[in-house]
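Scroll down for the structure; my scribbles are underneath it.
The values are calculated or read from the model by the stated rules, or taken from the named source; none is laboratory data. Keep in mind that this is a model prediction, so the values were computed, not measured. Glycine also receives a Cβ, built like all others from the backbone with ideal geometry; neighbour counts cover every protein chain displayed.
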Amino acid sequence: PARTERRPIRDLPDELISQIAAGEVVERPASVVRELVDNALDAGATQITVRLMAGGVRLIAVEDDGCGIPQDELPVALRRHATSKIRDLHDLETVCTMGFRGEALAAIASVSETALLSRTAGQASAFLLDARSGELRPAARAQGTTVEVKELFFSTPARRKFLKTDATELAHCVEAVRRHALARPDVGFAVWHEGKLVEQWRACPSGPELSADDALARRLADVLGEDFVAQSVPVLRRVGPVTITGRAGVPDAARSRPDHQYCYVNGRFVRDKVLTHAARSAYEDVLHGQRQPVYALYVEIDPARVDVNVHPTKIEVRFRDSREVHQAVRHAVEDALAAPRAALATAAAT
Ligand code: ADP
Ligand code: MG
């Protein structure tokens, strides 16, 4: 309704500011899962376990074996714009961690019942912080962190109404973990729902025994299926400051839906028109109609040449020189697709 009488300008209460921010960062349980797994990876975890109830609406608990949060910093972790990951503009412009905005925990805590349980290497016991009451007490846990998020959107029923069935929300949560798992074969992941193990991907760290390519291939096979690996070719191309690795499916592996197209920039899953267009154009001559290629492509680029601070969820990025990246990706995939045919042709000729 139109209002003629002007009201005075006021600062919003902290809680409401966080709830507004939560509107951008936390759309559904899967958004919480993504943020918490990001945090676990930033903490150097090697094993991450996600436990869900009712598609994540009743409970999302993410456990890691990372560095932990010291007792006196637990309340700080929940504050808005509080982060251990950047200190100044230079850090922001060269950021290598998944997080840096210091928003996620505050936003999540403002729309749920959140508790942090954490222990660092130096501590004799773990500590548990209840976000709502602020109560902090000793508790039992090995080194690492568990973040427990209960009753998501209980305080914002408008949001809660937009949630789909538990099965749909669960599928989104699993997809969120899958995206992380494809970027980090060196980390083990497990997802539980209602006390049942839904997915488990064991850590396969590369080293003298296992090359990074083989570790990735193993993880891709675990997560996307043996067929994905059997019907794809390795991608490797270095052009100036851009390196592209991963695997591209052969044309026969194409699907009717674009559901096996994974793009990463410096380890972060992204949805980016430049990358999807570049990949698609590499298939121009070999794929017709609406068939969707499958691929998992990893772009490594000097962090100063890409801006990840475009959107609160960081799923979008902006490249300083998007033509450079487009060409690198296109050529990387084209070369990869041409290679096996060249090899076959040679084999046939001899
Ligand atoms: P950001 O990740 O952008 O820094 P968050 O709100 O997600 O912001 O987290 C705030 C801070 O809490 C982080 O900077 C980090 O220091 C700490 N933290 C959060 N989760 C974990 C975790 N699983 N292990 C260790 N530290 C964590
Ligand atoms: Mg974070």
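When GLU103, GLU35, GLU93 are checked against the criterion of being closer than 30 Å to ARG305 by Cα, in contact with a His (Cβ under 8 Å, 6 or more places away or on another chain) and in contact (Cβ under 8 Å) with a residue 40 or more places away in the chain, a single residue qualifies: GLU103.
Quick check on this structure: which one of ALA171, ALA158, ALA167 is more than 16 Å from ligand 2 (Cβ to nearest atom), free of Cβ contacts under 8 Å to residues at least 24 places away in the same chain and under 30 Å from TYR262 (Cβ atoms)? Show your work before the answer.
Values: ALA158 fails: under 30 Å from TYR262 (Cβ atoms); ALA167 fails: free of Cβ contacts under 8 Å to residues at least 24 places away in the same chain.
The match here is ALA171.
Looking only at the stretch 201-211, decide whether some residue is closer than 30 Å to SER112 by Cα and not basic (Lys, Arg). Scanning the stretch 201-211 turns up at least one residue that is closer than 30 Å to SER112 by Cα and not basic (Lys, Arg).
Looking at the stretch 30-48, is at least one residue more than 16 Å from ligand 1 (Cβ to nearest atom) and either closer than 26 Å to SER84 by Cβ or under 19 Å from the mean Cα position of the chain (by Cα) (or both)? Break it down stepwise before answering.
So the first thing to find is which residues in the stretch 30-48 are more than 16 Å from ligand 1 (Cβ to nearest atom), and the list is none.
Within the stretch 30-48 (the criterion being more than 16 Å from ligand 1 (Cβ to nearest atom) and either closer than 26 Å to SER84 by Cβ or under 19 Å from the mean Cα position of the chain (by Cα) (or both)), the answer is no, since none of the residues qualifies.
When GLU63, GLU73, GLU24 are screened for being under 19 Å from ILE315 (Cβ atoms) and either touching a residue at least 12 places away in the same chain (Cβ under 8 Å) or within 12 Å of ligand 1 (Cβ to nearest atom) (or both), only GLU24 passes. Close contacts from the stretch 237-249, counting a first residue that is in the same structural domain as ALA296 (by TED's automatic domain parsing) and a second that is aliphatic (A, V, I, L, M) and surrounded by fewer than 17 Cβ atoms within 10 Å (Cβ to Cβ), with Cβ to Cβ under 6 Å and a gap of 6+ residues or different chains, come to THR245/LEU236. Could you go through the stretch 40-57 and let me know if any residue there is farther than 24 Å from GLN123 by Cα, among the aliphatic types (A, V, I, L, M), within 14 Å of ligand 2 (Cβ to nearest atom) and assigned by TED's automatic domain parsing to the domain that holds GLU103. Checked the stretch 40-57: no residue is farther than 24 Å from GLN123 by Cα, among the aliphatic types (A, V, I, L, M), within 14 Å of ligand 2 (Cβ to nearest atom) and assigned by TED's automatic domain parsing to the domain that holds GLU103. Within the set GLY122, GLY195, the sole residue that is away from ligand 2 (no atom under 16 Å from the Cβ), exposed (fewer than 13 other Cβ atoms within 10 Å of the Cβ) and more than 18 Å from ASP65 (Cβ to Cβ) turns out to be GLY195.
Condition check: of a type in the set (A, V, I, L, M) and within 19 Å of the chain's Cα centre (by Cα). Does ALA158 satisfy that? Spell out how you get there, then give the answer.
Working: of a type in the set (A, V, I, L, M): yes; within 19 Å of the chain's Cα centre (by Cα): no.
No.
When PHE127 is tested against (1) modelled with pLDDT of 95 or more; (2) under 24 Å from GLU24 (Cα atoms); (3) more than 16 Å from ligand 2 (Cβ to nearest atom), only condition (2) is not met.
For the stretch 236-289, filtered to residues that are among the small types (Gly, Ala, Ser) and out of contact with any Pro (no Cβ under 9 Å at 6 or more places or on another chain), the residue that is surrounded by the most Cβ atoms within 10 Å (Cβ to Cβ) is ALA278.
Got a sec? Which strands (runs of 3 or more DSSP E) wholly within the stretch 114-206 have at least 3 residues that are within 21 Å of ASN39 (Cβ to Cβ) and not hydrophobic (A, V, I, L, M, F, W, C)? Outline the logic, then answer.
Values: elements: 126-130, 136-139, 144-150, 188-193, 196-201.
By residue number, 144-150.
Cβ-Cβ contacts under 6 Å between residues 6 or more apart (or on different chains), taken from a first residue in the stretch 131-153 that is free of Cβ contacts under 8 Å to residues at least 12 places away in the same chain to a second residue that is within 16 Å of ligand 1 (Cβ to nearest atom) and part of a strand (DSSP E or B), are listed as ARG137/LEU128.
In the condition set (1) within 11 Å of ligand 2 (Cβ to nearest atom); (2) buried (at least 21 other Cβ atoms within 10 Å of the Cβ), GLY102 is compliant with all but (2). With the condition kept exactly as written, say whether any residue in the stretch 72-85 is more than 16 Å from ligand 2 (Cβ to nearest atom) and of a type in the set (Lys, Arg). Checked against the condition, which is being more than 16 Å from ligand 2 (Cβ to nearest atom) and of a type in the set (Lys, Arg), the stretch 72-85 yields no hits at all.
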